[in-house]
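Note sheet for the following structure.
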Amino acid sequence: MRIDRVKLVAELTRQDMTQKRLAELAGVSRATINYIKGGKSCSDEVGKKIAKGLGVKLSQITEN
């Protein structure tokens, strides 16, 4: 699964949330958030955790 980097950064900015805080809320490492922000793909499970941590639907942050 690929999370859209631009959508992820936009959502983090909109919520005034750090990568560290998102990692804590999602239950993943900050390195994982950093990799995804850098354009790397992730598992469906990690994608769902990130969406839940942000409080958005998965479809709002994935690439079309």
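At-a-glance table
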item	result
Filtered residue count, the stretch 46-64, keeping only those that are assigned to a loop (DSSP other than H, G, I, E, B) and either within 8 Å of the chain's Cα centre (by Cα) or acidic (Asp, Glu) (or both)	2
Within the stretch 1-31, tally of residues that are under 21 Å from residue 64 (Cα atoms), β-branched (Val, Ile, Thr) and surrounded by 16 or more Cβ atoms within 10 Å (Cβ to Cβ)	1
Some residue of the stretch 3-10 being over 11 Å from residue 62 (Cα atoms), out of contact with any Pro (no Cβ under 6 Å at 6 or more places or on another chain), without any contact (Cβ under 8 Å) to a residue 12 or more places away in the chain and assigned to a helix (DSSP H, G or I)	yes
Whichever residue in the stretch 32-45 is in a helix (DSSP H, G or I) and within 16 Å of residue 12 (Cβ to Cβ) and, among such residues, is most open to solvent (accessible area, probe 1.4 Å)	35
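The values are calculated or read from the model by the stated rules, or taken from the named source; none is laboratory data. All figures in this text were calculated on a predicted structure; none of them were measured in a lab. All Cβ positions, even for glycine, are placed from backbone atoms using ideal geometry, and neighbour counts span all protein chains on display. The protein model used for the area step is the full one, side chains on, heavy atoms only, and it has no ligands, DNA or RNA in it. Shrake-Rupley method; radii C 1.70, N 1.55, O 1.52, S 1.80 Å.
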